[in-house]
Amino acid sequence: MIIKEAIDIDSHVNKRQESEKEMAMAEEGREEKKRKQGGLKTMPFILANEVCDRFATTGFNANMITYLTQQLHMPLVQASNTLTNFNGTSSLTPLLGALIADSFAGRFWTIIVGTLVYQLGMISLTVAAVLPALRPPPGAPASSWQLLILYASLLCTSIGSGGIRPCVVAFGADQLGGDSHRQQKWSFFNLYYFSMGLASLVALTVVVYMQENVGWGWGLGIPTIAMGISVVAFAVGHPLYIKMKPGGSPLTRLTQVIVAAFRKRNAVKPEDPNLLYEDKELDSAISTAGRLLHTNRLRFLDRAAIVTEGDMLESGRPRLWRLSTVHRVEELKSIIRMMPIWAVGILVTTASSHNHSFTIQQARTMNRHLSPHFQIPPATMSIFSTLTMLISLALYDRIFVPVARRFTGRRSGISYLQRIGIGMAAGVLANMSAALVEIRRKGVAADHGLTDKPNAVVPISVFWLVPQYAIHGLAETFTSVGHLEFLYDQAPESMRSTAAALFWLTLSIGNYMGTLLVTIVHDCTAKRRDWLQDNINRGKLDYYYWLVTGLQVLNLGYFITCAMFYTYKSLEIVEDEDAEKEADSVAGGNDIEIAKIRTVDAKDEDK
């Protein structure tokens, strides 16, 4: 009997050892797989997707004002408002896509589905451009069902954008998530915009030329094919990607904090903030990079973290609609603090929304010939903005940042708030240039008796528009990239897709504001001398540019004020335990299994 019991014990011990060995091997396999995922090797697949997507989007949108006015025979103001409304919707849906990605779907699958829906919209519009029955006859306005096909196609592309735009940049940054990749992460934002610019450059030359000289079937068909390639390129890299698990609905967590704080509006706050409720296990899924520390701003929200009777379940878990952790309270505080800086992007977009409408109409009236038999398509003039952006991004990353780093001590050279401010100042100069050039163009038209001939070519070179395009490109290098960096870095880590969506939301509201501004100006000036009439030789487009310049100056003053009072978020980061043991071993110390905690202010994180 004793021998049998001993054999049973040995068998049990052996099975347990084998089980532990299998678990250890499985864990080692997971760690090995994790080490093989992420990093720079994923960039070709992600950026290939973005390049094809941007090529398709730019080729699709760049010359759409021409398609609407010449193929569907829309009036200029209606066509301009259709485009700004479409762009506004395309920049609004990313908020929904980000919430889906952060809540349950994850960024990878949100990108895949969004690309497929976008593809559907592009296919339908391409078919409409190819089939004569889906376009109005010469001189006639588009019928209701022809407009319905147009709007349905644009809606599909807008919905598809919602899955792509907020997730691609955050997904790419996720692949460079560790401290060893910190500098690469900030370079990624520049590389992301550089890739978009390069794709846009090709689209503005090749695709726009085909639309103007070959036909709209091929002009829209090529971007449609490129969009199909983008989803294949992205899917091929599937085994290499780091796929962050969704942390649950961020809107639900923010709402829970607000409800809990309101319920306890009369509760007495403790003098010591360390007495506020914390639960590291509960927050582990949404604070892998570090827990947010308590701040003294917006202190009325701290009431959500005061423990009172009835806040806990029998299991020891909190009732989340009554009690929130400090980390969750600080998530809401971070979002609220970001909002004033976020809002500056709205007027920035409003001020540049005319670049795809009025500026193209200006170029169409000017001398665009490079030779007796070749002239630049009006929409291709945007290449000067894109070229400037590409050159300035390269110079910024390779020359400006290393030089600035010597003076500031920052890895990124200057802060993202400084970067945004420089870009906004450049944007003011861009619209001043636009106003001055329009005065010059109308003057030449008047001198040659072309004021009442809107279809005549004014004998002034289209290259007068180059300065305003170039300055717009420079402004985008600083403003857009800086804005994206700011939102990604200052947002809670579980809301980074949502943060990217906030970037696109500024574009959405800005485009809608552009529509509103154009409508107001058109309505208010129509009774006397319409600033924005179809005959721009008689219009006052220069007055519109001066109005936009004034709005930008006010916006810059607002931004400077907000930046002066902005408070950066702080993180409590638990350093790697194995690294600490190794450091203690080298120093001759004991292996104490206590994780070392350091506090990081995001303002100084890149130093």
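None of the figures in this text is laboratory data; all of them are computed from the coordinates on show. Since this is a predicted model, take the numbers as computed values, not measurements. Here the Cβ positions follow ideal geometry from the backbone for every residue, glycine too, while neighbour counts run over all protein chains shown.
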Quiz item: Separation of segment 470-485 and segment 329-352 by C-alpha centroid, Å?
Solution: 16 Å
Practice problem: Taking the dipole about the Cα centre of the chain, with the C-beta of Lys and Arg at +1 and of Asp and Glu at -1, give me whichever of 488, 254, 399 is farthest to the positive side. | Solution: 399
Quiz prompt | Built amide H within the under 5 Å cut-off of residue 291, gap 5+ | solution = 572, 574
Practice problem: Starting from the Cα of residue 520, step 7 Å toward the Cβ, then list every residue of segment 343-380 with an amide N under 16 Å from that point. | Solution: 346-354
Quiz item: How far, in degrees from 0 to 90, does helix 466-490 lean away from the longest principal axis of the Cα atoms of the chain, to the nearest 10?
Solution: 20 degrees
Self-check item: Principal-axis tilt of helix 43-61 within the chain, Cα atoms, nearest 10 degrees
Solution: 30 degrees
Self-check item: Paramagnetic reach from residue 367 in segment 460-493 [backbone N under 20 Å; point 7 Å along Cα→Cβ]
Solution: 460-468
Quiz item: Hey, how many Å between the Cα centroid of segment 130-156 and the Cα centroid of segment 400-414?
Solution: 53 Å
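Would you please name the trypsin sites (Lys or Arg not before Pro) within segment 307-413 that are DSSP coil residues with at most 15 other C-beta atoms within 10 Å of their C-beta? Spell out each step's value before the answer.
Working: sites: 319, 322, 328, 333, 337, 364, 368, 398, 405, 406, 410, 411; in loops: 319, 322, 368, 410, 411.
Sparse-neighbourhood loop trypsin sites (Lys or Arg not before Pro): 319, 411.
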Quiz item: Long-range amide H contacts for residue 540: which residues qualify at under 5 Å (H placed 1.01 Å from N, peptide plane, sequence gap of 5 or more or a different chain)?
Solution: 531, 532, 533
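Residue 439 to residue 296: extension gain in nm, 0.36 nm per residue of separation minus the Cα-Cα distance? List each step's numbers first, then the result.
Numbers: separation 143, 0.36 × 143 = 51.48 nm, distance 5.25 nm.
Full-extension gain reported as 46.2 nm.
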Quiz item: Could you give the distance between the Cα centres of segment 46-84 and segment 208-263, to the whole Å?
Solution: 18 Å
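Which of the trypsin sites (Lys or Arg not before Pro) across segment 266-311 are loop residues per DSSP, with 13 or fewer other Cβ within 10 Å? It would help to have the intermediate numbers written out before the result.
Values: sites: 280, 291, 297, 299, 303; in loops: 297.
Those that pass, being in a loop and sparsely packed, are 297.
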Quiz item: Which residue, chosen from 519, 347, 242, occupies the Cα position most advanced towards the positive end of the dipole of the chain, where the dipole is computed from +1 (Lys, Arg) and -1 (Asp, Glu) charges on Cβ about the Cα centre?
Solution: 519
Quiz prompt | Fully extended contour minus Cα-Cα distance, from residue 70 to residue 447, at 0.36 nm per residue | solution = 132.9 nm
Quiz item: residue 375's amide H: which non-local residues (gap 5+, or another chain) put their own amide H closer than 5 Å, with H modeled 1.01 Å from N in plane and none for Pro or chain starts?
Solution: 370
Quiz item: Relative to the Cα centre, what is the charge dipole magnitude of the chain, using +1 at the beta carbon of each Lys and Arg, -1 at the beta carbon of each Asp and Glu, and rounding to the nearest 20 debye?
Solution: 2240 debye
Self-check item: Excluding exposed DSSP-loop GluC sites (Glu not before Pro) (at most 13 other C-beta within 10 Å), longest clean stretch of the chain
Solution: 315-592
Quiz item: Which entry in (i) 52, 31, 22; (ii) 51, 28, 24; (iii) 36, 31, 23 matches semi-axes √(5λ) of the Cα gyration tensor in Å derived from the coordinates of this structure?
Solution: (ii)
Practice problem: Could you tell me how many degrees, from 0 to 90 and to the nearest 10, lie between the Cα long axis of helix 383-395 and the main elongation axis, the longest principal axis, of the Cα atoms of the chain? | Solution: 40 degrees
Self-check item: Chain lengthening between residue 213 and residue 96 when straightened (0.36 nm per residue, less Cα-Cα)
Solution: 38.3 nm
Practice problem: Can you pull the one-decimal nm distance between simple spin-label points at residue 242 and residue 145, each 7 Å off the Cα toward Cβ? | Solution: 5.3 nm
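Just flag the trypsin sites (Lys or Arg not before Pro) in segment 462-544 sitting in loop per DSSP whose Cβ has no more than 12 other Cβ atoms within 10 Å. Could the numbers behind the result be given before it?
Details: sites: 496, 527, 528, 529, 538, 540; in loops: 527, 528, 529, 538, 540.
In loop regions of segment 462-544 (DSSP not H, G, I, E or B), the sparsely surrounded trypsin sites (Lys or Arg not before Pro) are 527, 528, 529.
Compute, for segment 40-192, the length of the dipole vector about the Cα centre, with Cβ point charges of +1 (Lys, Arg) and -1 (Asp, Glu) only. Units Debye, rounded to 20.
Working: 7 positive and 5 negative charges, 24 e Å.
Result for segment 40-192 is approximately 120 debye, rounded to the nearest 20.
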